[in-house]
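To start, the structure under review is shown below, and the notes come after it.
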Amino acid sequence: MRQIAIIGSGPAGYYTAEAAQKQWGEDVVVDIFDRLPVPFGLIRTGVAPDHQSIKGVSRRYEAVALSDNVRFIGNVTVGEDVSIAELEAMYDAVVLATGAPYDKKLGLEGEDLAGVHGSAAFVGWYNGHPQFAGLDPDVSGGHAVVIGNGNVALDVARILAKTRGEFAGSDIVGHALDILQQSRIEQITILGRRGPHQIAMTTKELGELAHLERACPRVDPADLPDEGEDALLEPGQRKSVTHLRSFAAIPESHRADKDMEIEFDFFASPRRILGDGGKVTGVEVERTKLDGGRAVGTGETYVVPASLVVACIGYQTSPIPGVPFEESAGRFANVDGRILPGLYCVGWARRGPSGTIGTNRPDGFSIIERIVEDLASGAAKGGKPGRAAFDALAEQRSLKIVRFRDWQNIDEAEKANAREDSPREKFVDVGAMIEAAKR
Ligand code: NAP
């Protein structure tokens, strides 16, 4: 019997469990650990609350979670409640699927001013991640600056722009909805250090900006390359750029009906966050130009006023004591997912925060192939006690484990607590989750 431990219950974790089932059938047991009492990682706390159809993928993970040989072990923090060395001694293979839950730093002066947030914290706040639920961002000023030209920047700008009514059907948490409803933001500037052809925004997400009730996107036509150059782009990117072109063509008469603007400021690299009395007042930006695809500063600077700044510039994995970490890339040091004999990583913890949710599926299958190779060659040792040893340790340490059936109680309670027009009202506090789990 193979004994596999997977750390992290997001997409990478569940696809790896699915791959293990496909590989070994009844001859494997898989324990999936999560520091939260609730499963699904990024699906629950990363995917935007108004993108419910994307969240539907968790039904697939549920099917894996409910199989007899897969267990969810929630509310256990690896590195604190149990060490990696202990897990390595117990399981034939330990796979880190911990994602990239923390913000990359801008590394700029003023980054720590009040009103400056990273997207992990900001997204975690409106998605009810217990760690960030208390963020309480100040939306009483008029101008928000969103740094970055990826899909997370689009998510953040869209969430800041939507009216309460536009959140119907979403599972945005009540505390965020209440704060956003009082927002005085009229201008959202999205800063991109490169140009329209270099965006990392996908078509559907960009297209949504054109249909917001009170907000209208703006692109300066002067920032757009000659239309003929779009032919050089791959088809998806070309479609995205077509959206930017249509935003640039929106007539002023149409804008007059809207009281909020989402402005794309391209070739604009943040250099310093400015503040007064400890609170952000603006972002000093340097105009850039492209040199071989890279943004280089021109020396021209200007200030974009800001009462709120959200940096959406990418994420990093959190290190775990005893596991080699590649600081510069913000992920575990690995070769093809191998970290040390018997210790592996998968998904964002392996390759950094890129790709779609589906990218994690082939990742999961390929790491199981590596494990099969290593067990066969003796590079990883099989025949370990696995589950039974962990259960003994958990009892000895009185760990308060939350199982999948307990999560189903939490799930039911969240659905029962839902506001009208919402699928659920999430618990945002670990204690409340555990209370609900017991029912
Ligand atoms: P991302 O796609 O890597 O975009 C990061 C952006 O930040 C890039 O535009 C990058 O510019 C910019 N950036 C990085 N460092 C910067 C700096 N120091 N100063 C200014 N700009 C900086 O990351 P993401 O938006 O966090 O998304 C992560 C992953 O999740 C992506 O694969 C994304 O597609 C996915 N995602 C998908 C969805 C969806 O499908 N609906 C939603 C959210 C996230 P450069 O290009 O110049 O480096």
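For the reader, a short list of remarks on this structure follows.
- Residue within region 27-39 that is modelled with pLDDT of 95 or more, open to solvent by 10 Å² or more (accessible area, probe 1.4 Å), touching a His at 6+ places or on another chain (Cβ under 9 Å) and among the charged types (D, E, K, R) present: no
- Criterion: within 15 Å of the ligand (Cβ to nearest atom), assigned to a loop (DSSP other than H, G, I, E, B), in contact (Cβ under 8 Å) with a residue 12 or more places away in the chain and not aromatic (Phe, Trp, Tyr) - qualifying residue of Ser183, Ser170: Ser170
- Look at (1) outside any strand (DSSP E or B); (2) open to solvent by 10 Å² or more (accessible area, probe 1.4 Å); (3) away from the ligand (no atom under 12 Å from the Cβ) and you find that Arg71 fails only one, number (1).
- Remark: Asp68 falls outside the filter, which requires a residue to be at pLDDT 95 or above, of a type in the set (Asp, Glu) and out of contact with any Phe, Trp or Tyr (no Cβ under 6 Å at 6 or more places or on another chain).
- Helices (runs of 4 or more DSSP H) fully within region 333-428 counting 3 or more residues that are within 16 Å of the ligand (Cβ to nearest atom), over 24 Å from Glu80 (Cβ atoms) and out of contact with any Cys (no Cβ under 6 Å at 6 or more places or on another chain): 360-377
- Residue selected from region 151-165 under the condition charged (D, E, K, R) and in a helix (DSSP H, G or I), by the criterion farthest from the ligand (Cβ to nearest atom): Arg158
- Residue ID - nearest to the ligand (Cβ to nearest atom), chosen from residues in region 302-318 that are part of a strand (DSSP E or B) and hydroxyl-bearing (Ser, Thr, Tyr): Tyr315
- Scanning region 283-304 for residues that are in contact with a Gly (Cβ under 9 Å, 6 or more places away or on another chain), open to solvent by less than 60 Å² (accessible area, probe 1.4 Å) and free of Cβ contacts under 8 Å to residues at least 60 places away in the same chain returns Glu284, Glu286.
- Residue match in region 109-128 (condition: under 30 Å from Lys22 (Cα atoms) and touching a helix residue (DSSP H, G or I) at 6+ places or on another chain (Cβ under 6 Å)): no
- Of all the residues in region 296-333, those that are of a type in the set (A, V, I, L, M), within 30 Å of Gly278 (Cβ to Cβ) and touching a helix residue (DSSP H, G or I) at 6+ places or on another chain (Cβ under 9 Å) number 4.
- Of the residues making up region 232-269, those that are within 16 Å of the ligand (Cβ to nearest atom), touching an Asp or Glu at 6+ places or on another chain (Cβ under 8 Å) and farther than 21 Å from Ile159 by Cβ are Val241, Phe266, Phe267, Ala268, Ser269.
- Checking each residue in region 165-189 for being in contact with a strand residue (DSSP E or B) (Cβ under 7 Å, 6 or more places away or on another chain) and either among the hydrophobic types (A, V, I, L, M, F, W, C) or open to solvent by 10 Å² or more (accessible area, probe 1.4 Å) (or both) picks out Ile185, Glu186, Gln187, Ile188.
- Subset of region 319-332 that is open to solvent by less than 50 Å² (accessible area, probe 1.4 Å) and within 16 Å of the ligand (Cβ to nearest atom) - its residue that is nearest to His117 (Cα to Cα): Gly330
The values are calculated or read from the model by the stated rules, or taken from the named source; none is laboratory data. Keep in mind that what you see is a predicted model, and the values were worked out from it rather than measured. When we count neighbours, we look across all protein chains shown, and the Cβ atoms used for this are built from the backbone with ideal geometry, even at glycine. Please note that ligands, DNA and RNA were not included when accessible areas were found on the heavy atoms of the full protein model with its side chains. Shrake-Rupley method; radii C 1.70, N 1.55, O 1.52, S 1.80 Å.
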